[in-house]
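The values are calculated or read from the model by the stated rules, or taken from the named source; none is laboratory data. On a predicted model such as this, the values are computed, not experimentally measured, just so you know. Note: ideal-geometry Cβ built from the backbone for every residue, glycine included; neighbour counts use all protein chains shown.
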Amino acid sequence: MIRKVSVNTIQKIKNEGEKFSVLTAYDYSTAKYLDEAGIDIILIGDSLAMVALGYDTTNKIGVEEMSIFTKAVAKGVSRAMVVTDMPFMSYNIDVESALTNICKMIKYGANAVKIEGCNEHIIKVVNRCVESGIPVMGHLGFTPQFLNVLGGYNIQGKTYDATLSILEQAKKLEEAGVFSIVLEMIPEESARYITENLNVATISCGAGRYCTAQVMVSDDMLGKFSEFKPKFARKYGDMRALILECAKRYDYDVKNGLYPCEDEIYKLSETELCRFGTKGLA
Ligand code: KIV
């Protein structure tokens, strides 16, 4: 029997000084393959707004869209923990509406949710989720949903004081009950200091080598999304080239009568064929 990755698995990995892997997925078959490959957490990141839906920022995606992708991914996964990123403003208005939106993702198959930032409201949301049985992943450092306030894609935690301030937020999230925290675009030394001073696992998204886990947008990892490439994204494949090559060959075959061939067509039975007589069929 497959043993599902749970908050206990993640805590055990952190306690034992081991590492775990996180990748995003937005559709059933990708999720199925990532799960089969042994990825521990599959995140339906709101990055899907840009890489799968073509929006110019992640802030344009809503709860309904995230629910559809959550449903698809959850159906493909047996072992990994499925985490859904709560979209912009879906948890910031008040605790009740946050809980309503978060609950939808769990009903659609997520095992946990991710929310960005740390303030009094966020702490209340984390508390209520955990009390209600919903695991929460935090997200600090560069928080894309705050892009307009942060003034651009800027590295966070660049000084000792800034690092302490992120650590202080991380400790508040830990106390509120998060099971892990994404640290995005933080210098490696700062992320190391934060990680070593927390009991929960940290997940590096451009935060260097010393976090408990690494996360990447799968479209970056597969070389599918080509509009921009963050410094920390490593291409393990070239899906863009593969898709282009396959589509060009298909286009050529269709236009030159090479597709479909004899083995790829359905045929009438001899009896039915005879009924056409000589009319219509050569
Ligand atoms: O939206 C996303 O995919 C994310 C991860 C890259 C952490 O938030």
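Some observations on this one:
- Applying a threshold of 6 Å to beta carbon distances and a minimum spacing of six or more residues, or different chains, the list of pairs starting in segment 101-121 at a residue that is hydroxyl-bearing (Ser, Thr, Tyr) and ending at one that is buried (at least 24 other Cβ atoms within 10 Å of the Cβ) reads 108/70.
- Checked across segment 48-64, the condition of being in a helix (DSSP H, G or I) and more than 16 Å from the ligand (Cβ to nearest atom) holds for at least one residue.
- Only a single item in (1) out of contact with any strand residue (DSSP E or B) (no Cβ under 6 Å at 6 or more places or on another chain); (2) within 21 Å of residue 20 (Cα to Cα); (3) more than 15 Å from the ligand (Cβ to nearest atom); (4) not hydroxyl-bearing (Ser, Thr, Tyr) is not met by residue 208, and it is number (3).
- Per the listing 170, 201, 191, 162, the residue uniquely over 23 Å from the mean Cα position of the chain (by Cα), surrounded by 14 or more Cβ atoms within 10 Å (Cβ to Cβ) and among the aliphatic types (A, V, I, L, M) is 162.
- Filtered residue count, segment 35-47, keeping only those that are over 8 Å from the mean Cα position of the chain (by Cα) and within 13 Å of the ligand (Cβ to nearest atom): 1
- Only one entry in 133, 152 is at pLDDT 95 or above and away from the ligand (no atom under 16 Å from the Cβ), namely 133.
- Check on residue 124, surrounded by fewer than 16 Cβ atoms within 10 Å (Cβ to Cβ), charged (D, E, K, R) and not in a helix (DSSP H, G or I): no
- Every pair of residues 6+ apart whose Cβ atoms lie under 7 Å, when the first sits in segment 24-48 and is without any contact (Cβ under 8 Å) to a residue 40 or more places away in the chain while the second is of a type in the set (Phe, Trp, Tyr): 48/26; 48/69
- Residue match in segment 29-47 (condition: hydrophobic (A, V, I, L, M, F, W, C), assigned to a helix (DSSP H, G or I) and surrounded by 20 or more Cβ atoms within 10 Å (Cβ to Cβ)): yes
- Residues of segment 211-241 classified as in contact with a helix residue (DSSP H, G or I) (Cβ under 9 Å, 6 or more places away or on another chain), closer than 14 Å to residue 138 by Cβ and within 13 Å of the ligand (Cβ to nearest atom), total: 2
- Residue match in segment 93-114 (condition: touching a Pro at 6+ places or on another chain (Cβ under 9 Å) and within 15 Å of the ligand (Cβ to nearest atom)): yes
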